[in-house]
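The structure appears right after this line, and notes come after that.
Read the figures in this text as sums done on the coordinates, not as results from a lab. Computed from a predicted model, the values in this text were never measured in an experiment. Heads up, the Cβs are rebuilt from the backbone with ideal geometry, glycines too, and the neighbour counts pull from every protein chain shown.
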Amino acid sequence: MKYAVRTLFVAMIFGLLELTNVGRYTTTTLSNLTTFALFRAAHDASLQVDPVLASEGYIVFMPDAAREAFMETMSRNLGMKPDLTPKPGSFIEHPMEIVYEEFVDDSSGVTFPFNYRNDQYHIYQTLEGPSVIYAVRIRATSKSNFDYNGYLFRNIVQQYPFPG
Amino acid sequence: MFKHALGELLTVVFTCIILFQPPLHELFNVRSNAVELVLNQGIAQASSYDNGRFTPEIIQQMKDHLTQKFFVRESDIEFTGTTTITPRGEYIEGRLTIKATPFWLFSSLFGEGPETISRHATMMSEYVER
């Protein structure tokens, strides 16, 4: 009997270790989903430029259209509602929040290359051309008390993709 | 006698689970991440201004990546997506599916895991006709 109890004890320890693994897998998956969805959403936001000014050689982003494209692509890629809140029963349990949005373009009064610097979100990058900058955060999906349940922060600088 | 047999039996079962269950979960997780990563690379290429769709080369490149780097059989990979040229600003999409590895060591005890690992991605095209 002592033998069986010892085995059960080892099994319990193993179970706890596996729970931490489940947490790790969940967080990794969410982190990947967020990173890649952010890349695609920022890419689509960067395509929203004023066509009239673009025909004159100036790249100026349209903030409302960019925000709309960003949210549309993000929700499509993450399987969320259009306002970036989770659908019932989906893997993602918390809403995605856009915490920072900035457009650096030909109307910003800067010359490219431009050293972009944001101390609040620790974004430091040399911009070669007009770019959109986004920072988002989402609370990690926590399945047990062993899981990380804080926020995952991601940011991106996406340059306007010139045709050709 | 019975107590001893029970102890031995539990030991064998739990030893098998402790040894072989974590690698199965790890493999499943690695493959899920691989599908996500490969599809992301594929759609980034597909949306570029000179493609505007998933070309046969991009699809083959994704399959090669999965077979050569992650040892997935080519017959277990399935791709569906936009293969017609899409104008700039319109959505292209792709879904990459591979056969899942066994999720549980004793599936009769814990139930069958997912049969496939599938990821979907969508993004606007940059394609410009020249």
Angle between the Cα long axis of helix B:2-46 and the longest principal axis of chain B, 0 to 90 degrees, nearest 10? 0 degrees
What distance in nm lies between label points placed 7 Å from Cα along the C-beta direction at A:ILE13 and B:HIS65? 4.1 nm
Fewest Cβ neighbours within 10 Å first, please rank A:ASP106, A:ASP50 accordingly. A:ASP50, A:ASP106
Arrange B:HIS65, A:HIS122 by Cβ neighbour counts within 10 Å, fewest through most, would you? A:HIS122, B:HIS65
Residue with peak Gaussian network fluctuation, chain A [Cα springs, cutoff 10 Å], from A:SER142, A:SER46, A:SER55: A:SER55
With contacts defined as alpha carbon pairs under 8 Å and 6 or more residues apart, what's the relative contact order of chain B in percent? 30 percent
So how compact is the protein assembly as shown: Cα radius of gyration and Dmax in angstrom? 23.6, 91
What lysines does A:LYS143 reach when the alpha-carbon gap must be under 18 Å and sequence neighbours fewer than 8 apart in one chain are set aside? A:LYS87
Listed with the fewest Cβ neighbours within 10 Å leading, A:THR126, A:THR34, A:THR28, B:THR84 appear as B:THR84, A:THR126, A:THR28, A:THR34
Candidate aspartates and glutamates - alpha carbon under 14 Å from A:LYS81, same-chain residues fewer than 8 apart omitted: A:GLU68, A:GLU72, A:GLU93, A:GLU97
Cross-link reach list, lysines versus B:LYS99, counting only Cα pairs under 22 Å and skipping chain neighbours closer than eight places: B:LYS63, B:LYS69
The stretch A:14-128: radius of gyration over Cα atoms, expressed as a fraction of 2.2 N^0.38 Å: 1.36
Quick one: which residues, 5 or more positions from B:TRP104 or on another chain, have an amide H under 5 Å from its amide H? H modelled 1.01 Å from N in the peptide plane, none for Pro or chain starts. B:GLY113
Using alpha-carbon positions, the gyration tensor of the stretch B:1-93 gives root eigenvalues a ≥ b ≥ c; with a/c under 1.5 called rounded, otherwise prolate if a/b exceeds b/c, else oblate, the class is prolate
